[in-house]
Amino acid sequence: MDDECLFRPETMSCALRHSREPKLSLPQLHWWTGFAALAISALAITYLCTGTYTRTVTIYGKIEPRRGYLVINAPTDGTLTDSPVKEGDLVREGDVLFHVQPRDRSPELESRSRLTADLLATDLFRTEMALIRLRKTHEQDILSSNRQISTHIKAASHISKRLILARARTEELKATIHSLGAAERKGLISRVYLQDKRDDLLRLSDEREALAERQTAHAQILDDARARRKRLPDDFQNKEDDLLNELSRLNRLLAGRESSPTSIVSSPATGIVTNVLSSMGSDVSASQHVLIMAPSEGGIHAKARFGSTAAGLIKLGSEVRIRYASFPYQKFGTHVGKVARVPSASAHDVTNFSRSNAGGEQSKFEIDIELPSQSFVAEGIDHPLVTGMDFTADVQVDTRTLIEWILEPLIAYIRKAAPAENKEEIAK
């Protein structure tokens, strides 16, 4: 028996007769392992090519009025004797903000005070006369509008009657022409007479069309006159309210000036008092800041300030995710806005805006952020945003795929090492 043969020849021949040729193969577990490794590699490559990495810059800011703050100054040197408003109060245009008692009553100041009182009295008289003229004009407009409507109604009624008569004459003339046609065929009347009747029918049709056009025009004029008549009371009421408010404001100013030599400062617009810089009894100088207001008109926006390290990264239109200090973002989420103005050197801060920043870097630049709405929904309730609210925000400055982020050092090295003529092509 041959030593190299593992089995006896008769055993091998018997096995070959009852089975196929033997083959060597890997275990089934090895195939599944290979397929799993290939699938994981494909998923990893797909994730690297499609997954994105977003770089953000954190900024800090406040909600501010879109048109800026109103700084109210002292009109003259003196003492702040009365300030009926406090921080957070809503004041309307013409409301008294504070009184200033001058330090002395020099002849020049006395003359200026009398001149101001005379001007207020003149404005009051003019406003009263304007109110009287407005009421008379309104009465005349009502009478004139009623006469116009009545005239157009009569004209429309007259045209309608003429149109009805024209239609009746048309039907009558059509019947006459039909009967005359049979008589003309029999030779009882001349063709000329029949043609005259047909010409009359054509003229009558033209008259009917003209009357229909006039009727449509008068109907439109009548609708316009009624619409104007309907708007007259509302327009008059709005103008009268404006004049009455002006009269009330002038009366308050004049009464305060006549009863006291103090200077009275009124609110130039409707808004909220955000800062009171001088307390009652303190001495103020002319043009000194006394209080700061946030006007209600114009809406609000977000203003953020940050250091110079992020100044070159923020672009116009970049997405901003705002987290309000009053509404924890872990529970209520974020507000998504857009950069409405690119970074610029920060202006003088009249609102005592906090310049503290992450890492202690001083804020030197500012941006305006356009808010998606003037309120924030929390727990199903719409909370209006108010000026002075603090927030933290993340500005999206760069978005790239993960493969680009991983290969960034290699790409930078290739760009640096490539010849100058090839750098533009590599960048593309």
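Quick notes
- Placed amide H near residue 338: partners under 5 Å, 5+ positions off or other chain: 320, 370
- ³J(HN,Hα), Karplus 6.51/-1.76/1.60, whole Hz, each residue of the stretch 292-301, x for Gly, Pro: 10, 10, 10, x, 6, 6, x, x, 10, 8
- One chain, two ends: residue 128 and residue 155. Fully extended at 0.36 nm per residue, the span grows by 5.7 nm beyond their Cα-Cα distance.
- Cut-off under 5 Å, modelled amide H: who pairs with residue 269 long-range: 94
- Under a model in which nothing but the beta-carbon of Lys, Arg (+1) and Asp, Glu (-1) is charged, the stretch 108-257 shows a dipole of about 700 debye around its Cα centre.
- Considering only alpha-carbon pairs that sit under 8 angstrom and 6 or more positions apart, the relative contact order computed for the stretch 108-257 is 48 percent.
- Set of the stretch 187-212 residues, backbone N closer than 15 Å to the point 7 Å along the Cα-Cβ line of residue 169: 197-212
- Put simply, the amide H of residue 377, placed in the peptide plane, has neighbours under 5 Å in 383, leaving out anything fewer than 5 places away on its chain.
- Here the stretch 145-197 is assigned +1 on the Cβ of each Lys and Arg and -1 on the Cβ of each Asp and Glu. Its dipole about the Cα centre then comes out at about 160 debye.
- Centre separation in Å (Cα based) which lies between the stretch 266-322 and the stretch 210-248: 43 Å
- Each Lys or Arg adds one and each Asp or Glu subtracts one; over the other residues with Cβ under 13 Å from the Cβ of residue 334, this totals +1.
- Summed residue charge, Cβ within 12 Å of residue 369's Cβ, Lys/Arg positive, Asp/Glu negative: +1
- Our coupling estimate for the stretch 230-245, obtained by passing each phi through the Karplus curve with A = 6.51, B = -1.76, C = 1.60 and θ = phi - 60°, is 6, 7, 4, x, 5, 4, 5, 4, 5, 5, 5, 4, 4, 5, 5, 5 Hz, Gly and Pro reported as x.
- Cβ crowding within 10 Å, taken as a proxy for footprinting-reagent exposure, orders 176, 127 from fewest neighbours to most as 176, 127.
- Using the Cβ of residue 242 as centre and a radius below 12 Å, the other residues enclosed give a net charge of -3, where K and R count +1 and D and E count -1.
- Checking the Cα-Cα distances for 62/86; 86/303; 161/230; 62/239 against a 31 Å cut-off, the pairs over it are 62/239.
- Hypothetical label at residue 44: residues of the stretch 381-417 whose amide nitrogen lies under 17 Å (7 Å Cα-Cβ projection): 402-407
- The stretch 108-257, Rg to Rh (Cα coordinates; Rh as Kirkwood inverse mean 1/r): 1.51
- FRET efficiency, 1/(1 + (r/R0)^6) with R0 30 Å, evaluated for residue 406 and residue 33 via beta carbons: 0.65
Each value in this text was obtained by applying a stated rule to the coordinates, not by laboratory testing. Quick caveat, the model's predicted, so the values are computed rather than measured. Glycine gets a Cβ as well: all are built from the backbone with ideal geometry, and neighbour counts include every protein chain shown.
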